[in-house]
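First comes the structure, then the notes that go with it.
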């Protein structure tokens, strides 16, 4: 079993509900950080929420959007310090956020510039960028309508690109980490 922790940004909660509509995660394994009560960027609040709602013996995957990426990466580090296992962190438009950890990190960006410039602060594993570019909130609200490039890291600076939607890329990652959880 694995849990997915959703760390939304600063936006109406309806956008997060739209985001979740086509995500391949069972509701029982899903926790949504309440940004209507706490700042999206507060790693301390995300970690406290996680401690109150999740057992340390269940591996977690963090999905953060925008300011929620800041809260997610800090909470992921904190979760590991407490003895929890982080399977992966998936950052949607975490522009300007340094992403590093001893767990897989994936970036999704609403345009190529955000993809390229964010990679300077930690490229992580396979990533995605929208092409043509879309509005920042569109990536979160409707990932299945956002087309672009899955950038597969092969070795060193070598990479392979594949045309896909952001929604399919996200679900592929979730299925990959769920399979890892089941098989471990």
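FYI, it's all coordinate maths here, none of it is from the lab. This structure is a prediction, so every number in the text was calculated from the model and none was measured. All Cβ positions, even for glycine, are placed from backbone atoms using ideal geometry, and neighbour counts span all protein chains on display.
Things to note:
- Helical mean residue ellipticity (222 nm; -39500 (n - 2.57) per DSSP H run of 4+; nearest 500) of the chain: -11000 deg cm²/dmol
- Difference of contour (0.36 nm per residue) and Cα-Cα distance, residue 100 to residue 147: 14.3 nm
- Length gained on full extension, residue 37 to residue 159: 39.8 nm, using 0.36 nm per residue less the C-alpha separation.
- Relative packing of 105-118, 72-85, which averages over residues the other C-beta atoms within 10 Å, highest first: 105-118, 72-85
- Taking every DSSP bridge with both residues inside the range 3-183, close to 35 percent are antiparallel.
- Between residue 168 and residue 82, the FRET efficiency estimated from the beta carbon spacing at R0 = 41 angstrom works out to 0.80.
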